[in-house]
Amino acid sequence: MKKNLVTILFLLMILTSACDHGLAPPEDNTPKKPTGISGTLYFKNWPPADSLFNIKLVAFRDYPPGDLMNEVISGNARTLPTDLTASLPFNIDSLEYELILQPVIFSYIAVAHQWGENIFEDWQAVGQYDLTPQDSLPTAVTIIADSIISGIDIYVDFDNLPYQPFVVSGNIGEKE
């Protein structure tokens with residue numbers, strides 16, 4: 001009886017040491033593919049260099065976006081890690097980009113321009129992703145996991161701005 005008990009305990013020890021994860025599938029260690037968008041930003045009619053405090057490519061989940069800073073802080077908006085102004089040569093015609101995003105729907109992808117010193121209020125939209133330019137509504141993009149959606153091109157004309165949906169100082173629309 002004592003020999004059977006020792007044998008059973010020995011077999012249980014062997015079985016339990018071999019079952020570290022039970023019936024769980026093996027871990028997938030293959031690298032994930034990047035997820036996001038890419039395209040070209042096209043520029044024309046540049047303003048004076050002293051009004052270019054910052055230019056950002058921003059993807060918003062909601063349209064129209066609420067308060068800009070709250071959208072970014074809450075994660076409802078994503079931007080390129082750095083501002084474009086730091087690396088953007090003045091008066092260029094175009095710039096290729098890639099923006100890594102989560103796989104969700106982004107309703108508004110725009111180029112935002114900080115035209116004055118107040119980082120909290122001096123912003124305007126200068127271009128948006130739009131497949132139907134005859135209306136003022138931007139085109140939403142559904143981000144698919146493990147793929148970069150190409151051809152998300154944005155036309156920036158500093159003399160012909162799109163509708164201004166940003167909430168600035170509690171107002172929607174043009175800067176005051």
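Figures for the structure shown
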item: Of residues in segment 140-166 being hydroxyl-bearing (Ser, Thr, Tyr) and out of contact with any Ser or Thr (no Cβ under 7 Å at 6 or more places or on another chain), the one nearest to Ile92 (Cα to Cα); result: Tyr155
item: Among residues of segment 120-163, those that are touching a Leu at 6+ places or on another chain (Cβ under 9 Å), part of a loop (DSSP other than H, G, I, E, B) and among the hydroxyl-bearing types (Ser, Thr, Tyr), counted; result: 2
item: Candidates Pro103, Pro138 - the one that is buried (at least 20 other Cβ atoms within 10 Å of the Cβ) and farther than 27 Å from Asp50 by Cβ; result: Pro138
item: Strands (runs of 3 or more DSSP E) within segment 1-84 that include 3 or more residues of a type in the set (Val, Ile, Thr), closer than 16 Å to Gln102 by Cβ and modelled with pLDDT of 70 or more; result: none
item: Asn45, sole failed condition from (1) over 23 Å from Pro165 (Cα atoms); (2) touching an Asp or Glu at 6+ places or on another chain (Cβ under 7 Å); (3) surrounded by fewer than 12 Cβ atoms within 10 Å (Cβ to Cβ); result: (1)
item: Residues located in segment 108-123, provided they are crowded, with 20+ Cβ neighbours inside 10 Å and without any contact (Cβ under 8 Å) to a residue 60 or more places away in the chain; result: Tyr108, Ala110, Ala112, Trp123
item: Failed condition for Ala125, given (1) modelled with pLDDT of 95 or more; (2) under 18 Å from Phe43 (Cα atoms); (3) of a type in the set (A, V, I, L, M); result: (1)
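The values are calculated or read from the model by the stated rules, or taken from the named source; none is laboratory data. What you see is a predicted model, and the numbers here were worked out from it, not measured in a lab. FYI the Cβ positions are ideal-geometry reconstructions off the backbone, even for glycines, and counts take in every protein chain you see.
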